[in-house]
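Asks: Let me begin by handing over the structure; questions about it come next.
Nothing in this text is a laboratory measurement; each read-out follows from the coordinates by a stated rule. Treat the numbers as computed from the prediction; the structure is a model and nothing was measured. Heads up, the Cβs are rebuilt from the backbone with ideal geometry, glycines too, and the neighbour counts pull from every protein chain shown.
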Amino acid sequence: MIRVELVKLLTRPRTWITILALNALPTLVAVLLAVTDLGPRPGTGPPFLSAVLTDGTLFPLAALGIVLPLFLPVAVAVVGGDAIAGEVQSDTLRYLLVRPVSRLRLLVAKLVSVVVFVVLAVLAVAVVAYVEGRLLLGDAPATGVVSVSGSTLTQAEMTQRTGLAFVYVVLAMLGVAAIALFFSTLTDSAVGAALGTIGVLVASTVLLGLDAADAIKPYLMTRHWLAFVDLFRDPIRWGDVVDGVLTQLGYLVVFAGAAWANFATKDVNR
Amino acid sequence: MSELLIATHGLTKVYRGGVTAVDHVDLEVRAGDVYGFLGANGSGKTTTVRMLLGLVLATEGGIELFGEAMPKAGASVLPRVGALVEGPGAYPHLSGRANLTLLDSTDGRRRRGDRRRRVGEVLEQVGLDPADRRPVRTYSLGMRQRLGLASALLRRPPLLVLDEPTNGLDPQGIREMRELLLSLNRAGTTIFLSSHLLAEIEQMSSRVGVLDRGRLVLQEDLATLQAPTGLVRVRTPDLSTALRLLDGQVVDRGEGHLVVRSPDAAALNAHLVARDVRVTELGPERRSLEEIVLAASESA
């Protein structure tokens, strides 16, 4: 069933259009930086963006920082929200279930296909940003990179940590994927499920900016998203990264469980 | 009694909010039947079909397909059932062939080797092979309906559960669908056919169940229902002679015809002709399915 879901994901024009759109903003940023040569001052703006004018190979990380807060989760919400509700809308859910495909297998396959989408999207952003960084932006040091903490990282360390950062970003989307999947079992409208998920994201972001919400902040889904920057400190500061992964796994367990609880006995009337 | 492929016992569905969609229905569909499941829109047909297939969970009562309890035995039973439920469904951006291939590959155990052949066969069977590579979004409703039937036939199932299968087809398409289903039935496929179209059921079914506001008000073999009523309709230009001859047997008379109580239409015909009454038309009266359904619904 996972294979079938992957075929569906990959044959859908929407998947590729979404990935293309995800790359649009980093590309625009790269072009603007290359033309104007005006980077943000260090410590302001998206992470790593101030450094890319000197070292273009850092641009994949900057691009991730650009898409992570909004574009990537919105894309995940759209793809995840479509999981079950989209099958309802194309009148195909009932035909899958009477094949029969067990409801549990279907949910698992849907979740896997959303995660595969995240991996594809993140990889695409990284590759496109790397090429842009190389072509348009600074081509300074091949010897090593200055870490966020000020010391120098070797090229090998850099590659390793960049890999970790990408894994972290993929994991950071698990919560969004699980929530979108849950909403997708609640409603017959794929758009409704996506908007509901985006609503949760916005709420999480708003609460993060509110002092009165200090007590619940550690549990907010978006709290640790940008913690991937900590991977580039010397030595790596694991605290927030680990908390971030644990938070995502918590969301995954709760909402994937809720999706199953709701879908297992749901009357499929459409 | 032959084997029951579908049996329900006191099948009931009460939706949230207290609407009783299906009310203690006891279906009996035997192997080999073309079972016509009749009911007006909103009578609970589709809810019943969905419960049979495990899509909707019954509030009360039991369902057996092939003698196994549904929905518990779904994994072993449903591969033997081909279904078309309330309109076809397909991914619009994929071709008809790609849709069938995708559906066929949800079944991990089937060998991939003859998938292409299986898909090709059902496409040809429903007459969709000229359009198999066009995306489904360009299909007409009738073509989608054919595609839906093709997906129901993919596994060559011994039982077909079809909800309004001729919906959206033109007269030619309806005729082809009917011939296809009847030929499948002759080859041994049991067909459970739900429809609100009396004529369709009357033309195809061997057995009829009538659902009225959620209750099964009638379930009987069509041949039994339409057995001669013991009345014969006679049309003749010599009305007054005939009336005189058949005094006491005439139940009803109309413009140029009589309705006569007679156990044997042939004997009646011989009797009339022997006495120089010219007969233009003569035949045993049968009740139409429409009359039967209306009577059953009224008495319920």
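Asks: Mind computing the radius of gyration and Dmax over the alpha-carbon atoms of segment A:202-246? Å is fine for both.
Replies: Here Rg and the maximum Cα pair distance are 11.5, 33 Å.
Asks: Mind listing P(r) for segment A:169-270? All alpha-carbon pairs, 10 Å bins, whole percents.
Replies: Pairs per bin, as whole percents: 15, 39, 30, 12, 3, 0.
Asks: Still on this structure, I have one more. Compute, for chain B, the length of the dipole vector about the Cα centre, with Cβ point charges of +1 (Lys, Arg) and -1 (Asp, Glu) only. Units Debye, rounded to 20. Numbers along the way, then the final one.
Replies: On the way: 38 positive and 37 negative charges, 298 e Å.
Using Cβ point charges on Lys, Arg, Asp and Glu, chain B gives about 1420 debye.
Asks: Let me ask something else about it. Give the Rg/Rh ratio for segment A:2-264, taking Rg as the radius of gyration of the Cα atoms and Rh as the Kirkwood radius, to two decimals.
Replies: Rg/Rh: 1.01.
Asks: OK, next. Using only the Cα atoms of segment B:231-284, what are the Rg and Dmax in Å?
Replies: Rg and Dmax of segment B:231-284, Cα atoms, are 9.4, 23 Å.
Asks: Under the Karplus relation 6.51 cos²θ - 1.76 cosθ + 1.60, θ = phi - 60°, what is the ordered set of whole-Hz ³J(HN,Hα) values for segment B:184-189, x standing for Gly and Pro?
Replies: 5, 5, 4, 7, x, 7
Asks: Does anyone have the angle between helix A:238-264 and the longest principal axis of chain A? Alpha-carbon axes, 0 to 90°, nearest 10?
Replies: Tilt relative to chain A: about 10 degrees.
Asks: By average Cβ neighbour count within 10 Å, what is the ranking of B:199-208, A:54-63, A:154-163, B:32-41 from highest down?
Replies: A:54-63, B:32-41, B:199-208, A:154-163
Asks: Further, regarding this structure: Determine ³J(HN,Hα), in whole Hz, for all residues of segment A:29-35 in sequence, where each value follows from phi through the Karplus function 6.51 cos²θ - 1.76 cosθ + 1.60 and θ = phi - 60°; x replaces Gly and Pro.
Replies: 4, 4, 5, 4, 4, 5, 6
Asks: Right, next: Suppose we look only past 23 Å in the calculated P(r) of segment B:4-225. What percent of the Cα-Cα pairs does that tail hold? Let's see the in-between values first.
Replies: Details: 11377 of 24531 pairs.
Roughly 46 percent, once rounded to a whole number.
Asks: A follow-up question, please. Read phi for every residue in segment A:75-80 and hand back ³J(HN,Hα) as whole Hz from Karplus 6.51 cos²θ - 1.76 cosθ + 1.60, θ = phi - 60°, with x for Gly and Pro.
Replies: Calculated HN-Hα couplings, in order: 4, 5, 4, 5, 5, x Hz.
Asks: Quick one: which residues, 5 or more positions from B:Ser95 or on another chain, have an amide H under 5 Å from its amide H? H modelled 1.01 Å from N in the peptide plane, none for Pro or chain starts.
Replies: B:Val136
Asks: How large is the Rg to Rh ratio of segment B:3-52 when both quantities use alpha carbon positions and Rh follows Kirkwood? Walk me through the numbers on the way to the answer.
Replies: Working: Rg = 11.7 Å, Rh = 11.7 Å.
Over the Cα atoms of segment B:3-52, Rg/Rh equals 1.00.
Asks: Still on this structure, please answer the following. Show that you can apply the helix-only estimate: for chain A, add -39,500 (n - 2.57) for every DSSP H stretch of four or more residues, divide by all residues, and state [θ] at 222 nm to the nearest 500.
Replies: Helix-only estimate at 222 nm: -22500 deg cm²/dmol.
Asks: I would also like to ask the following. Over segment A:1-143, one equal point on each Cα, no solvent: what is log10 I(q)/I(0) by the Debye formula at q = 0.10, 0.18 Å⁻¹?
Replies: Each listed q maps to, in turn, -0.44, -0.93.
Asks: Can you work out the base-10 log of I(q)/I(0) for segment B:54-162 at q = 0.16, 0.21, 0.23 1/Å, using the Debye formula on its C-alpha atoms alone?
Replies: Results for segment B:54-162 at q = 0.16, 0.21, 0.23 Å⁻¹ read -0.75, -1.12, -1.26.
Asks: Figure the gain on full extension for A:Leu28 and A:Asn269 (residue separation times 0.36 nm, minus the Cα-Cα span) and round it to one decimal in nm.
Replies: On the way: separation 241, 0.36 × 241 = 86.76 nm, distance 4.54 nm.
Result: 82.2 nm gained on full extension.
Asks: Quote the convex hull volume per residue of the protein assembly as shown, based on C-alpha atoms, as a whole number of Å³.
Replies: On the way: hull volume 115.9 nm³, N = 570.
Each residue corresponds to 203 Å³ of Cα convex hull volume.
Asks: Using only Cα atoms, find the angle between the long axis of helix A:155-172 and the longest principal axis of chain A, and express it within 0 to 90 degrees, rounded to the nearest 10.
Replies: The angle comes out near 30 degrees.
Asks: Relative to the longest principal axis of chain B, what angle (0 to 90°, nearest 10) does the C-alpha long axis of helix B:265-274 take?
Replies: 30
Asks: On to the next question. Taking R0 as 51 Å, what's the FRET efficiency between B:His9 and B:Asp129 from their Cβ-Cβ distance, rounded to 0.05? Provide the component values of the computation, followed by the final result.
Replies: On the way: r = 43 Å, r/R0 = 0.83.
After rounding, the FRET efficiency stands at 0.75.
Asks: If you project the alpha carbons of segment B:129-196 onto the principal axes, what extent comes out on each, in Å, largest first?
Replies: For segment B:129-196, the Cα extents along the three principal axes come out at 34, 27, 17 Å.
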